[in-house]
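Heads up: the structure comes next, in structure tokens.
The values are calculated or read from the model by the stated rules, or taken from the named source; none is laboratory data. Note that the structure is predicted; figures quoted are calculated from it, not measured. With ideal geometry, Cβ positions are generated from the backbone for all residues, glycine too; neighbour counts draw on all protein chains shown.
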Amino acid sequence: MDSDRPAEPGEAPGLRKIIHVDMDAFYASVEQRDAPELRGVPVAVGYHGERGVVAAASYEARAFGVRSAMPSAEALRRCPQLHFCRPRFEVYRAVSRQIRAVFADYTALIEPLALDEAYLDVTQDLKGIGSATRIAELIRARIKADTGLTASAGVSYNKFLAKLASDQNKPDGLCVIRPGEGVPFVAALPVRRFHGVGPRGAEKMAALGIHTGADLAARDIAFLREHFGAQADYLYRAARGIDLRAVSPNRPRKSVGGERTFARDISTGPALRETLDGIVAIVWADIEKVRAAGRTVTLKLRLADFTLITRARSLNRAVADRAEFAAIGHALLAELLPLPQAVRLMGLTLSGLEAAGEAAAPPAETPTAGQLDLF
């Protein structure tokens, strides 16, 4: 195999049947389930106040443009009737345990991504059903019966396609991408749908004439490496519907973090501190979501000229709570102020997690149209 290019379909043995299950507006849906007066009402889960941030939004709220990571003041401007609920993570965890118990009836190969989503490998399902599509239908029905909540599911032959499929018919939907259908499915998608391609990445691609998966697939690996560096191999494979990762049931996380790229560069200390508070709220919600415990807090800043600055602080124990996480982040920022240039991106990460490390995933091939019966 030529080591200067990514692997092509058919270069590794094996075939998988993968389901990606994603709960619909999970936190907000739990709040609406438990408080009937909130059903049909725009709901945001998060911290309300001058520096509050939306952690999750119901579909009624999304219709007004309310999104996660949005400052609560902006959310209320867009939707004055928005009802805020403070997060109840113990409740969400309890519901998540119910959902995972459903998964475990069908496969032992479950890779949770968060409380509300997971990959399942049902190539050898425990009930001998044989059809990944049928298993996805049964799982969605069981979740609705056991929790009163809806889930969307994507079924395909690799993780990348299954995750794209689960988002295709939300909410309460099912999408199946069978062998032989992956390449045309990806070709028709806007590149913004690809995991890891954010607004600025999509803008850069548009400037290069890349708007869809088909446009991306038309560029060779040399072009992608010239313009996208380390992301090139991923983009090359994604444009062809290739994903070699296996479902990893015991894959531990190395870190939990988040970052924000600003529409306009920020230069003042007060604005940077306020932005950091918003990032803290979102990241700590994710930390609680996955029950992470870590010792190291890292602040990342990208300046207007794309210079990257990072600062980290490690404790001899796990960070105790959100207040301590925020305090360390602000201390790291204070060490850097005043900055020589305005800031275009800010990020904050918790790492040094317990049992850190990630196993390598064995490869799998892209199957052919002749294997349609497996789905």
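In the set (1) free of Cβ contacts under 8 Å to residues at least 12 places away in the same chain; (2) more than 24 Å from the chain's Cα centre (by Cα), Arg78 fails one condition alone, (1). Of Arg219, Arg253, Arg240, Arg273, all but one fail to be modelled with pLDDT of 90 or more, among the charged types (D, E, K, R) and under 30 Å from Val122 (Cβ atoms); the exception is Arg240. Summed over the stretch 299-341, the residues that are outside any strand (DSSP E or B) and either on the phi > 0 side of the Ramachandran plot or of a type outside the set (Ser, Thr, Tyr) (or both) give a count of 30.
The requirement of being surrounded by 14 or more Cβ atoms within 10 Å (Cβ to Cβ), under 21 Å from Cys175 (Cα atoms) and not assigned by TED's automatic domain parsing to the domain that holds Arg322 is satisfied by Ala136. Considering the stretch 254-272, the residues that are free of Cβ contacts under 8 Å to residues at least 12 places away in the same chain and either part of a strand (DSSP E or B) or touching a Cys at 6+ places or on another chain (Cβ under 9 Å) (or both) include one that is surrounded by the most Cβ atoms within 10 Å (Cβ to Cβ), namely Ala263.
You will find that of Ile99, Ile135, Ile110, Ile129, the residue that is of a type outside the set (Phe, Trp, Tyr) and under 17 Å from Asp24 (Cα atoms) is Ile99 and no other. Out of Gly213, Gly180, one residue alone is in contact (Cβ under 8 Å) with a residue 12 or more places away in the chain and out of contact with any Phe, Trp or Tyr (no Cβ under 9 Å at 6 or more places or on another chain). It is Gly180. One residue stands out among those in the stretch 116-133 that are touching a strand residue (DSSP E or B) at 6+ places or on another chain (Cβ under 8 Å) and not hydroxyl-bearing (Ser, Thr, Tyr): the one that is surrounded by the most Cβ atoms within 10 Å (Cβ to Cβ), which is Leu120.
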